[in-house]
Amino acid sequence: MIRSSRHRLALLVALVAAVATALGARLLQLQVVRCDDLRQRAEDQYRSRVVVPATRGAILDRNGDPLAVSMEALSLFAHPRRLDDPERAASALAPVLGLPRHEILARLRSDKPFVYLKRLLEPEAVERVRGLGLPLGDNGAFGFEREHKRVYPRGRLAAHVVGFSTVDGEGVEGIERRFDEALRGDPTVFLVLQDARNGRLRERVSEPRRRPSDIVLTLDLALQHVVERELDRAMRDTGADAASAVLLDTSTGEILALANHPSPDPNAFGRATDDERPNRAVSAIYEPGSTFKIVPMAAALDRDRIRASQPIWCENGTYAAPGRVIRDTSPHGTLTPLEILEKSSNIGMVKIAQTLSASELWDSIVGFGFGAKTGVELPGESRGLLREPAHWSGFSLASLSFGQEIGVTAVQMAQAMSAIANGGVLVPLHVVRGMRDPAGVLTETEHDAPRRVIRATTAREIGRMLEAVVRSGTGARAVIDGYRVAGKSGTAQRARGRGYAAGEYVASFGGFAPASAPRLVALVVIEFPRGVLHQGGQVAAPVFARILGESLRYLRVPPDDLSPPEPGDRESTLVAMHEADPPGRSQQQPLETPEGTVPDVRGSGLRDAVVALARRGYRPVIVGSGIVVSQEPTPGTAVAAGSECLLRLEESAQPPPEPVTLAHGRVAG
């Protein structure tokens, strides 16, 4: 009996010891091993940290017009553990949110305490959710959270420059990506305490050290619209696969407009196609063809290897260069360098390039900015393709002279053309003016210093050659009424493998105006136009003329002094006007009219009348010759810039001047 009691006692002691050991082990696990974890889980039930992102800064054009802004929107979330009937809720929400029922149901059955159902709802969708009768509010299974939605009020306009940001406010393309950190700023951190009745107390624990900044661009939305409209028209007219254009201020390097077609809608960037996404003006590489001829021409002139009036034998259209036979589209005999550029003779350019060594041509190509990024503040910029002279073949010098064996981007070519327009000084391109802080103070961004590429005299000589190209050469379709235009066309076949694709061309045209005092540079690239017309002077030059012409009028750039060329200059001008007004001009004092209205040009000579109208952005329509006797609209009438003004002219009683051809405006009758 005693032994049995002892056994039971021993068993009881052992059992108690086992239980005590187990409890001790459990307490050790909870209070020591998992102490920090359990404490954190307990705190998470009543205390949480909420990070509230700052309102993303805006992206503005040079005049302060918005291209990207952030607006407050509501996002729908759920607490799955509080939901009694997820199937019913999913069925009700699916048509309102535009999401599949099974996707919503999977989120509502999640083991997470908090899930988003849809971010950044439209106001109409919010009201429809409120009308479903779901348990909304602090104690409910559903709720709305205030966030900021990125909106692009101009839609596709300047989409490749502005870029796009995700629903979480992360910039992924364009300026949104390049200046993501400045646009974001620092978030604000709150500590949220919750009691047993789901009451909440929010306390700010971290202030943002850096506020979001607005990014102010160099773009002008009016000019951007002109460029995109004309590219769209070019795509329709030519059936091209793609097109790009760059418009810039010569003296500052500011890009006033940059566009590509096709282009995406940043408000629905997720649906953009692979053809719409690339910013082709900075990333697409193409062989420039004859637009590149300005580089070897400048290199030879600047080193005094040739003279502008020097006769060069162009072999009547066929020339056996080292390693290859070169042919011109039309046979030419003896041409001067001006005529070589005007008629775009490949043979003439090869002979000019042969006056240079490989290293000298290389230095000039690099000096004009090719083979390197321009530094424009846009992601994805390409350096282009340029081999060092050590890797050139025996024919490379000849190929480069007319724009083969090199790959460039549109911004590189525009920058090189701008160096010619700017008197031989290359001004680095930029598309950002600066950052504006919350107080509205603009801090301009710093840019690389301009640098001289060629002598000013060489640049002027090239400019005269490019004027001849437009006046009577391959750029005749680039004429702009009232302005002297300098430019060069280019036509290159699409490179494929070791050769070129038959029937696939890249047509381009670049130039500047007014040629007497260059203000704007434009470059247009049309990729793979369909149809009979495919040359740069045929399909790209008209687009260039429409873009540059309307831009000059919008900026109210006065026309050139369209006087005859200097004595000894063999070229005839497209427009020749007398140095003085026609005899017999009326001495009537013109009426003073305010800006935004039609000036009084009655009694003026044609040149003065055209200049006065152009300064206010109006286009003259000329009837007759002599002096202005009447005008429509009448002086002082308020009309929009770009409108036409009809001028009626009559000859004086004195003998008329020599006949001239007028190109200031559309000639009526």
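The values are calculated or read from the model by the stated rules, or taken from the named source; none is laboratory data. Since the model is a prediction, treat every value here as computed from it, not as a measurement. Heads up, the Cβs are rebuilt from the backbone with ideal geometry, glycines too, and the neighbour counts pull from every protein chain shown.
Numbers for the structure displayed
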quantity: Residue within the range 315-332 that is surrounded by 13 or more Cβ atoms within 10 Å (Cβ to Cβ), of a type in the set (G, A, S) and within 33 Å of the chain's Cα centre (by Cα) present; calculated: no
quantity: Positions within the range 488-529 being modelled with pLDDT of 90 or more and of a type in the set (S, T, N, Q), in sequence order; calculated: S489, T491, S508, S516
quantity: Selection status of R471, outside the structural domain of P620 (by TED's automatic domain parsing) and modelled with pLDDT under 95; calculated: yes
quantity: Which listed residue, of I347, I352, I365, I406, is among the aliphatic types (A, V, I, L, M), modelled with pLDDT of 95 or more, more than 28 Å from V427 (Cβ to Cβ) and surrounded by 16 or more Cβ atoms within 10 Å (Cβ to Cβ); calculated: I347
quantity: Of residues in the range 215-236 being more than 14 Å from the chain's Cα centre (by Cα) and touching a residue at least 60 places away in the same chain (Cβ under 8 Å), the one surrounded by the fewest Cβ atoms within 10 Å (Cβ to Cβ); calculated: R233
quantity: Considering residues of the range 508-565 that are surrounded by fewer than 19 Cβ atoms within 10 Å (Cβ to Cβ) and among the aliphatic types (A, V, I, L, M) only, the residue farthest from T329 (Cα to Cα); calculated: L555
quantity: Subset of the range 602-619 that is touching a Cys at 6+ places or on another chain (Cβ under 8 Å) and modelled with pLDDT of 75 or more - its residue that is nearest to L552 (Cα to Cα); calculated: Y618
quantity: Any hit, the range 458-465, residues being touching a residue at least 60 places away in the same chain (Cβ under 8 Å), surrounded by 23 or more Cβ atoms within 10 Å (Cβ to Cβ) and either within 25 Å of the chain's Cα centre (by Cα) or over 22 Å from T252 (Cβ atoms) (or both); calculated: yes
quantity: Residue in the range 415-432 that is modelled with pLDDT under 95, touching a strand residue (DSSP E or B) at 6+ places or on another chain (Cβ under 7 Å) and assigned to a loop (DSSP other than H, G, I, E, B) present; calculated: no
quantity: Test: residue in the range 430-444 that is buried (at least 22 other Cβ atoms within 10 Å of the Cβ) and over 16 Å from S213 (Cα atoms); calculated: yes
